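Throughout, read-outs are computed from the coordinates displayed, never taken from laboratory work. This is a predicted model, so every value here is computed, not measured. Cβ placement follows ideal geometry from the backbone for every residue including glycine, while neighbour counts extend to all protein chains displayed.
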Amino acid sequence: MYKFKVDISEKDYNNFIKNYSMAPITQDYRWANVKKDWDNTLCGLYKDDKLVAGALLLIKKFPFNLKMIYSPKGFLIDYTNKKELKEFTKGIKEYAKKINAFVVKIDPLIAIKEEYYDTIMKKDSKKSVKNYSINNDKKIDNLKSCGYIHCGFKKNIGAYIQPRFNMAISLINEENKNISEKDLLNSFKRNAKRYYGDFSSKRGISYLCLHDNAYIDDFYRTIKSTEDRQGISLRSIDYFKRIMNSFKDDAYMYIAQVDISKFIDFLNQEIKKEKDENLKNKYLKQIDDAKIAGEKYGNIISIASTLAIIPPNKKGIKKVEYLYAGTFEEVLPYLNANASLHIYSFIDMLKKGYHYADLEGVEGTFDDHLSNTKSKYNPIVFEFIGEFDLSINKFWYFIFSKFSVQLKKIYRIVKGR
């Protein structure tokens, strides 16, 4: 006997998601605290009083009292079980009609392909373990048979709410067992791993791992520097504060810092040993750079950062999600602290027993700077199926799907944005 419920308790939902393999952080109930501009509810499907499927639903308000329901990287359900998917969909539709939602949008973690980047681009023979693409045809067929409309296979990173292509560092072998730290390091490209270890420690670089906002200003400075350099706009500092306040010990803010005094000492030692005048001049120039940076920002300077959230599930396949990263290139950019910091964090997550370190979205053509940067770490490329829509109000769904860009512009004008 199935029963669909909304506004289920966080306790029931959390007990369920703990045991749901491959649960994304965007289905963690705490994600709703981050998305403060959306209303939200937790829903679930019970079979004989046992929760067998669930979802965090985010609800966006539109003009004319219309709403859109979005379940980010949801639902949490066995997509191969057509009966349960049908019952869950029935409950979702009834709820959507009740609140006047014209569409329910999902982007489930169903992969079409999961292959190493080098296998795709260089025809390398290395095979990746398959976790996200198991039974993908059956899952997709079941979604379509339950009335979900597939939104296509666009490759652009901004074509959908979530990117269809992700790059993730595999911390496991083909048996889903964690690899060794040595094997992980050996898998990275030389232009990444050369900056980890002695290279960074000798130059005065150290790392912090935080679970609070103690260094939020330093973190945001690296993010803002990256935004300005790339001509993009990501998030406000308040957004990052909400993440840290919501996820607490499950949020890992990694920061790389350089000790200017130690870096200058290192350079002076190198100059004493060096016979090549060109290299001596290079080191002297770096000393000048370091002194200027020290006068402006102090002796200890945060120069790179990344923010990762560990998954809500404690069983099955566990994927850490790296949401943001930045480099304060105004200070000693040739130290490449971003590379060494990421490797430091990957090793940390490997030691904690996680299976993937997901660096998130890239362009499906792999010709963007994100792909170039992330490919240094021997990533697996997840090509996800993308978005599915469940049309609730056919008229408004047609209007929205055909004229969504124009409607957004009009809405901003009306709201005075």
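Among Thr119, Thr327, the ranking by other beta carbons within 10 Å of each residue's beta carbon, starting with the fewest, stands as Thr119, Thr327.
With a Förster radius of 56 Å applied to the beta-carbon distance between Ser206 and Val6, the computed FRET efficiency rounds to 0.70. Placing +1 on each Lys and Arg Cβ and -1 on each Asp and Glu Cβ, with no other charges, gives region 179-354 a dipole about its Cα centre of roughly 600 debye.
Just so you know, the Rg over Rh for the chain is 1.01, from Cα atoms, with Rh as the Kirkwood radius. The Kirkwood hydrodynamic radius of region 95-246, based on inverse pair distances between different Cα atoms, is 20.3 Å. Amide H to amide H, with H built 1.01 Å from N, Ile392 comes under 5 Å of Val103, Val104, counting only residues 5 or more places away or on other chains.
Region 1-24 and region 164-209 have their alpha-carbon centroids 34 Å apart. Evaluated on region 179-354, the Kirkwood hydrodynamic radius is 17.4 Å, with distances taken between all distinct Cα atoms. Given the pairs Lys154/Lys314; Lys5/Lys90; Lys47/Lys394, which span a C-alpha to C-alpha distance of over 22 angstrom in this model? From the list (Lys154/Lys314; Lys5/Lys90; Lys47/Lys394), the Cα-Cα distance tops 22 Å for Lys154/Lys314; Lys47/Lys394. Of the complete DSSP H runs in the chain, those spanning 18 angstrom or more by Cα along the long axis with a mean Kyte-Doolittle score not below 0.5 are 337-351. Projecting the Cα positions of Met1, Tyr344, Tyr46 onto the charge dipole of the chain (unit charges on Cβ atoms of Lys, Arg, Asp and Glu, taken about the Cα centre) puts Met1 furthest along the positive direction. The dipole here belongs to the chain: it is taken about the Cα centre, uses +1 on the Cβ of Lys and Arg and -1 on the Cβ of Asp and Glu, and is about 1200 debye. Other residues whose C-beta falls under 9 angstrom from the C-beta of Leu390 contribute a net charge of +1, scoring Lys and Arg +1 and Asp and Glu -1. Using only Cα coordinates, the Kirkwood hydrodynamic radius of region 256-340 works out to 15.0 Å. Annotation: amide H of Glu360 within the under-5 Å range of Met167, Tyr322, sequence separation 5 or more or interchain, hydrogens built in the peptide plane. By other beta-carbon atoms within 10 Å, ranking His150, His355, His342, His369 with the fewest at the front produces His369, His150, His355, His342. Farthest toward the positive end of the dipole of the chain, out of Leu76, Phe240, Leu210, is the Cα of Leu76, where the dipole comes from beta carbon charges about the Cα centre.
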